[in-house]
Amino acid sequence: MSEKTRFKLFKLFRFAAVVVLLSILIAGLIYLIWYSPVFIVQKVDVKGVNMSQDEILDILGADTIGSNILFWRRQTEHVLDPRFDTFNMRKNYFKRTVQVTATEREKSFAWCFEASGDCFWTDKTGFIFSPAPASSGGLITVISDWREMPPGIGGYVLPASMNENLNSIIAIIGRLDLSVDSIKIENIKLRELLISASNGPRIIFSLSIDPDFTETAIRSLMESKSWTATKTLNLTVPGRAYPSY
């Protein structure tokens, strides 16, 4: 065999060896990535909210655990869950976990729509985010609403300006330490909030005007001898208070 022939055979052998080694390497990588447990999600860690693994998997998808961490992606609906104010996820490749950090929306009011009998939690912006118990008293501020076509989860109970005035009215009631029996919106078209004070009048607020002036008016009447004798206190005109007996 000539030197030239041996050299050609050597080059052919070397090429075949490289092909075999590359094939083994590629096959190993394919197995490592797609079939071995090295990149399989083992657990979902949750911080910021008290949720079980089953509850969080209902949001992320039941197939999250066991998925390949390299290719797992959150879906759009994960971000849109109305219960959460923030919802962030990141993958920990070393621990093979999906780490969720979330904060729940603050429950400001239990908003009950009397026509349908449904109650929902709303946050300070008036956003409806989850069902609420049909209860009253205690630390829960319940607002009864008689509109016939109420918004549902993901909607807002009031326009922004009216909601801002509502929050101001509730804050005023709190500063006055006024005990109330009920808070109602009987006709949304009138843009009025009706608060029935315990051992006191029915107070009518306008959700369309700044309610700051009402605090002085209510306090003045509370400190007078006519508080319990007053049936209605109309505060729907800016800067004016109209009691009726």
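Bear in mind that the values in this text are calculations on the coordinates, not laboratory data. Bear in mind the structure is a predicted one, so any value in this text is a computation, not a measurement.
One table, with the values for the structure above:
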quantity: Largest-first principal axis extents of the Cα set of region 141-245 (Å); calculated: 45, 23, 22
quantity: Reach of residue 225 by Cα under 20 Å, taken over aspartates and glutamates that are not fewer than 8 positions away in the same chain; calculated: 177, 215
